[in-house]
Amino acid sequence: MTLILSILAVAFSLIGVFCLMLRDPKRRRSFGMVADPRQDALRPFLVAFTILPSIVLLALGDAAAFFVWFAAITVLGWLLVIAPLSRT
């Protein structure tokens, strides 16, 4: 059960990390793309969306799944944002 919860939580959080990555104004400027200030309004909701699985895992009392989620989202999130954005 821990493995299934961890995988689902990581997949859910990676969607949020991916959306945050695409909307990050500093990242967009560094790749020569225009930063859209309207996207800043979505950031708090995307952060909440990203950390929501951690709250659920802790509420369920599954500490092992929480630590697996925490480690996996840290490493996979870092690997995701290290890739360059396409300029399309």
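Inside segment 1-54, can you point out the residues that are of a type in the set (D, E, K, R) and outside any helix (DSSP H, G or I)? Let's see the steps before the verdict.
Here is the first cut: in segment 1-54, the ones of a type in the set (D, E, K, R) are 23-24, 26-29, 36, 38, 40, 43.
If the condition is that a residue be of a type in the set (D, E, K, R) and outside any helix (DSSP H, G or I), then Asp24, Asp36 are the ones that fit.
I'd like the full set of residues that are of a type outside the set (A, V, I, L, M) and either surrounded by fewer than 13 Cβ atoms within 10 Å (Cβ to Cβ) or modelled with pLDDT under 95 (or both), limited to segment 70-88. Let's see the steps before the verdict.
We begin by selecting, within segment 70-88, every residue of a type outside the set (A, V, I, L, M); these are 70, 74, 77-78, 84, 86-88.
Answer for segment 70-88, where residues must be of a type outside the set (A, V, I, L, M) and either surrounded by fewer than 13 Cβ atoms within 10 Å (Cβ to Cβ) or modelled with pLDDT under 95 (or both): Thr74, Gly77, Trp78, Pro84, Ser86, Arg87, Thr88.
Quick check on my filter: what residues within segment 55-69 are assigned to a helix (DSSP H, G or I) and surrounded by 11 or more Cβ atoms within 10 Å (Cβ to Cβ)?
Within segment 55-69, Ile55, Val56, Leu57, Leu58, Leu60, Ala63, Ala64, Ala65, Phe66, Phe67, Val68, Trp69 meet the criteria.
Search segment 70-86 for residues that are farther than 10 Å from Val10 by Cβ and basic (Lys, Arg) and pair each with any residue that is modelled with pLDDT of 80 or more and part of a helix (DSSP H, G or I) when their beta-carbon atoms are under 8 Å apart and the residues are at least 6 apart or on different chains.
If the second residue must be modelled with pLDDT of 80 or more and part of a helix (DSSP H, G or I), no pairs are left.
Can you tell me which residues in segment 4-26 are over 15 Å from Val81 (Cα atoms) and out of contact with any helix residue (DSSP H, G or I) (no Cβ under 8 Å at 6 or more places or on another chain)? Talk me through it step by step, then tell me what you get.
Step one: of segment 4-26, the residues over 15 Å from Val81 (Cα atoms) are 4-12.
Selection gives Ile4, Ile7, Ala11.
The values are calculated or read from the model by the stated rules, or taken from the named source; none is laboratory data. Here the structure is a predicted model, which is why all the values come from computation and not from measurement. For neighbour counting, all protein chains shown are included, and Cβ atoms are generated from backbone atoms with ideal geometry for every residue, glycine included.
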